[in-house]
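One structure below.
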Amino acid sequence: MRNRLWNCKNPYQQQYKRVLTVCSAGLLRSPTAALVLSLEPYNFNTRSCGIDTGHALIIFDKVLACWADEIICMTKEQKEFVDNFIAKYEDTKKPVHNWDIPDCYAYRELELIKIMQERARGYYEN
């Protein structure tokens, strides 16, 4: 874990804002959100993950929490999970948001992308 924690501060990531997107399995919503936020006009350095240890390919953990400047969850329950997790570690405290997007969309589905673009405008363009 030491090497993974060092990589959180890798200087070659430059000064781009690091945004972690979180959903259940990290397969549909959070990777789509990571894509949306990595493009113009945001250009954030993004990662995606899931909280369901039985389904997620990349599981939310302390290293990802340390890496992120900000965390975006897709549901209230995921936000509560992340809030409870990061409350345990002083070095992981950061803003956590709920975009309130249900698990009923396909990966990169056009309607999902439009919803996420609206949410992003609400958070980052005001």
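The values are calculated or read from the model by the stated rules, or taken from the named source; none is laboratory data. The shown structure was predicted, so the numbers you read here are calculated from the model rather than taken from an experiment. As a convention, Cβ positions derive from the backbone with ideal geometry for all residues, glycine included, and neighbour counts pool all protein chains shown.
Structural remarks
- Residue match in region 92-103 (condition: crowded, with 17+ Cβ neighbours inside 10 Å and in contact (Cβ under 8 Å) with a residue 40 or more places away in the chain): yes
- Looking only at residues of region 86-126 that are of a type in the set (Ser, Thr, Tyr) and more than 17 Å from residue 36 (Cα to Cα), we find that the one that is farthest from the chain's Cα centre (by Cα) is 89.
- The residues of region 34-65 that are part of a loop (DSSP other than H, G, I, E, B) and touching a residue at least 24 places away in the same chain (Cβ under 8 Å), listed by number, are 41, 42, 43, 44, 51, 52, 55, 56, 57, 58, 60.
- Within region 62-71, the presence of at least one residue that is within 14 Å of residue 34 (Cβ to Cβ), of a type in the set (Asp, Glu) and surrounded by 14 or more Cβ atoms within 10 Å (Cβ to Cβ) is confirmed.
- Restricting attention to region 75-126, the residues that are modelled with pLDDT of 95 or more and of a type in the set (Phe, Trp, Tyr) add up to 5.
- Restricting region 88-114 to residues that are outside any loop (DSSP other than H, G, I, E, B) and of a type outside the set (Val, Ile, Thr), the residue that is farthest from residue 77 (Cα to Cα): 110
- Selection within region 39-61: residues that are crowded, with 16+ Cβ neighbours inside 10 Å and of a type in the set (Ser, Thr, Tyr). The member of this set that is farthest from the chain's Cα centre (by Cα) is 42.
- Considering only residues in region 66-85 that are within 21 Å of residue 15 (Cα to Cα) and either without any contact (Cβ under 8 Å) to a residue 12 or more places away in the chain or assigned to a loop (DSSP other than H, G, I, E, B) (or both), the one that is farthest from the chain's Cα centre (by Cα) turns out to be 69.
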